[in-house]
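Colleague: Here you go, one structure.
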Amino acid sequence: MSIEMAKLFNGEIISGDSMQVYKGMDIGTAKIKMEEMEGVPHYLLDIKEPDEPFSAAEFQERANACIEDIHGRGKLPIIVGGTGLYIQSVIYDYQFSEAPSDLEYREGLEKQIRESGIDPVFDQLRKVDPESAKRIHPNNVRRVIRALEIFHCTGKTMSEQLDDQPTELKYETCIIGLTMEREKLYQRIDQRVDGMVDEGLIHEVQSFYDQGLKDCQSIQAIGYKEIYDYFDGRASVDEAVETLKQNSRRYAKRQLTWFRNKMDVIWFNMTDLEGFPKKIHEISGFIAGKLFNEGEYINLERKEED
């Protein structure tokens with residue numbers, strides 16, 4: 001759908017996915033292939049090595065630069081992807097001021113994790129900031145510690161800091177969401193995971209595992225941490241793939257809840273995929289009415305007819 005909209009509105013696409021920034025993480029993140037782009041330029045793909053961190057603040061800076069460049073050339077910037085906080089940070093112009101740090105406190109948590117594992121520390125996060133505990137995977141030790149450190153230093157949770165961010169849009173924005181009947185969506189997720197395995201997901205993850213990449217932000221991505229369990233001997237390959245399907249379904253549910261609660265999204269039901277051409281017309285008409293004047297919309301309709 002994003003490709004169709006980009007072609008209709010002379011647009012270029014900015015990836016809004018926090019994991020597609022990593023080089024080599026192609027199959028597990030369902031990264032778009034060059035031939036699938038159909039000539040539409042894409043940005044913020046493959047800009048980081050797998051062992052490098054990436055944050056909402058860095059995404060905001062890079063995405064704003066892309067938007068300025070695309071708009072400056074008379075084209076329409078289109079952010080595509082599902083990392084809600086990253087997209088919010090751009091369109092609402094979040095202010096990322098670095099919270100104070102406490103090195104002694106941080107080192108104490110690191111020592112506790114070395115001696116007793118992550119569970120006791122993650123339980124602390126659940127108690128003081130349950131919202132962040134829902135978003136952060138326990139294996140992401142760096143983010144768990146940082147969330148606790150922010151609360152320790154400021155008395156405010158990471159979640160409360162997000163709630164204090166601006167609520168007015170920085171750009172004239174049209175937010176489109178695609179949805180589908182739950183049963184069919186879950187069926188498609190399972191099929192996609194099977195397709196990833198057939199395409200070589202296990203081999204892709206093994207390349208990172210063999211490099212010794214363990215405590216990295218990138219490896220916490222769904223599709224990688226589950227297969228790591230297989231290589232670590234904690235699950236069979238079938239069990240790892242089934243867990244991947246389950247985690248993907250759960251993420252889809254959380255993602256839907258996030259966008260419904262946090263952003264002013266206009267939803268379009270895509271359950272009937274045979275009606276895709278009709279949906280293209282419906283969505284393009286909505287975008288045209290929201291972002292363009294009458295004359296520009298007439299030109300769009302003529303282009304569709306052509």
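Colleague: Just the residues that are under 15 Å from Cys216 (Cα atoms), in contact (Cβ under 8 Å) with a residue 40 or more places away in the chain and open to solvent by 60 Å² or more (accessible area, probe 1.4 Å), please, taken from segment 12-51.
Modeller: The one that is under 15 Å from Cys216 (Cα atoms), in contact (Cβ under 8 Å) with a residue 40 or more places away in the chain and open to solvent by 60 Å² or more (accessible area, probe 1.4 Å): Asp51.
Colleague: Counting residues that are over 26 Å from Val141 (Cβ atoms), which helices (runs of 4 or more DSSP H) fully inside segment 183-282 reach at least 1?
Modeller: Once the helices (runs of 4 or more DSSP H) in segment 183-282 are filtered for at least 1 residues that are over 26 Å from Val141 (Cβ atoms), what remains is 201-210, 237-262.
Colleague: Here is a further query. Which members of segment 266-281 meet the condition of being charged (D, E, K, R) and open to solvent by less than 60 Å² (accessible area, probe 1.4 Å)? Show your work before the answer.
Modeller: Within segment 266-281, the first condition is being charged (D, E, K, R), and the residues that meet it are 272, 274, 278-279.
If the condition is that a residue be charged (D, E, K, R) and open to solvent by less than 60 Å² (accessible area, probe 1.4 Å), then Lys279 is the only one that fits.
Colleague: Check Thr173, Thr167 and return the single one that is in contact (Cβ under 8 Å) with a residue 40 or more places away in the chain, in a loop (DSSP other than H, G, I, E, B) and surrounded by 13 or more Cβ atoms within 10 Å (Cβ to Cβ). Talk me through it step by step, then tell me what you get.
Modeller: Working: Thr167 fails: surrounded by 13 or more Cβ atoms within 10 Å (Cβ to Cβ).
Every option except Thr173 fails the conditions.
Residues are listed down the side, and each one gets a yes or a no for (1) of a type in the set (Lys, Arg); (2) at pLDDT 95 or above; (3) touching a helix residue (DSSP H, G or I) at 6+ places or on another chain (Cβ under 7 Å):
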{"site": "Ser15", "(1), (2), (3)": "no, yes, no"}
{"site": "Met19", "(1), (2), (3)": "no, no, yes"}
{"site": "Glu38", "(1), (2), (3)": "no, yes, yes"}
{"site": "Leu44", "(1), (2), (3)": "no, yes, yes"}
{"site": "Gly74", "(1), (2), (3)": "no, no, no"}
{"site": "Ile91", "(1), (2), (3)": "no, no, no"}
{"site": "Tyr94", "(1), (2), (3)": "no, no, yes"}
{"site": "Tyr105", "(1), (2), (3)": "no, no, yes"}
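Colleague: Let me ask something additional. Quick check on segment 283-301. Is at least one of its residues aliphatic (A, V, I, L, M), in a loop (DSSP other than H, G, I, E, B) and at pLDDT 85 or above?
Modeller: As a first pass, look at segment 283-301 and keep what is aliphatic (A, V, I, L, M): 283, 287-288, 291, 298, 300.
Still in the list and also in a loop (DSSP other than H, G, I, E, B): none.
Scanning segment 283-301 turns up no residue that is aliphatic (A, V, I, L, M), in a loop (DSSP other than H, G, I, E, B) and at pLDDT 85 or above.
Colleague: Let me ask another. Does at least one position in segment 144-156 carry a residue that is hydroxyl-bearing (Ser, Thr, Tyr) and either over 18 Å from the mean Cα position of the chain (by Cα) or at pLDDT 90 or above (or both)? Write out each step before concluding.
Modeller: Initially, segment 144-156 is screened for residues hydroxyl-bearing (Ser, Thr, Tyr), giving 154.
Now drop any that are not either over 18 Å from the mean Cα position of the chain (by Cα) or at pLDDT 90 or above (or both), which leaves 154.
Among the residues of segment 144-156, at least one is hydroxyl-bearing (Ser, Thr, Tyr) and either over 18 Å from the mean Cα position of the chain (by Cα) or at pLDDT 90 or above (or both), which makes the answer yes.
Colleague: Taking the criterion of being in contact with a helix residue (DSSP H, G or I) (Cβ under 6 Å, 6 or more places away or on another chain) and within 26 Å of Phe259 (Cβ to Cβ), would at least one residue in segment 193-203 satisfy it?
Modeller: So far as segment 193-203 goes, yes, one or more of its residues are in contact with a helix residue (DSSP H, G or I) (Cβ under 6 Å, 6 or more places away or on another chain) and within 26 Å of Phe259 (Cβ to Cβ).
Colleague: Kindly check whether there is at least one residue in segment 89-107 that is of a type in the set (S, T, N, Q) and open to solvent by less than 20 Å² (accessible area, probe 1.4 Å).
Modeller: Looking for residues that are of a type in the set (S, T, N, Q) and open to solvent by less than 20 Å² (accessible area, probe 1.4 Å), one finds at least one in segment 89-107, hence yes.
Colleague: Does Gly200 satisfy the condition of being surrounded by fewer than 17 Cβ atoms within 10 Å (Cβ to Cβ) and either touching a residue at least 12 places away in the same chain (Cβ under 8 Å) or assigned by the TED database to the domain that holds Val21 (or both)? Please lay out each step first, then the result.
Modeller: Working: surrounded by fewer than 17 Cβ atoms within 10 Å (Cβ to Cβ): yes; either touching a residue at least 12 places away in the same chain (Cβ under 8 Å) or assigned by the TED database to the domain that holds Val21 (or both): yes.
So Gly200 passes the test.
Table: residues versus (1) in contact (Cβ under 8 Å) with a residue 24 or more places away in the chain; (2) at negative phi.
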| site | (1), (2) |
| --- | --- |
| Ile79 | yes, yes |
| Asp93 | yes, no |
| Arg114 | no, yes |
| Asp123 | no, yes |
| Glu131 | yes, yes |
| Leu148 | yes, yes |
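Colleague: Look at Ala63 and say whether it is in contact with a Lys or Arg (Cβ under 8 Å, 6 or more places away or on another chain) and either surrounded by fewer than 20 Cβ atoms within 10 Å (Cβ to Cβ) or among the hydrophobic types (A, V, I, L, M, F, W, C) (or both). Before the answer, list the steps.
Modeller: Details: in contact with a Lys or Arg (Cβ under 8 Å, 6 or more places away or on another chain): no; either surrounded by fewer than 20 Cβ atoms within 10 Å (Cβ to Cβ) or among the hydrophobic types (A, V, I, L, M, F, W, C) (or both): yes.
Taking the combined requirement at face value, the residue does not satisfy it.
The values are calculated or read from the model by the stated rules, or taken from the named source; none is laboratory data. Remember, it's a predicted structure, so these values are computed and weren't measured experimentally. Here the Cβ is made from the backbone with ideal geometry for all residues, glycine too, and neighbour counts use every protein chain on show. In case anyone asks, the SASA skips ligands and DNA or RNA and just uses the protein heavy atoms, side chains included. Shrake-Rupley method; radii C 1.70, N 1.55, O 1.52, S 1.80 Å.
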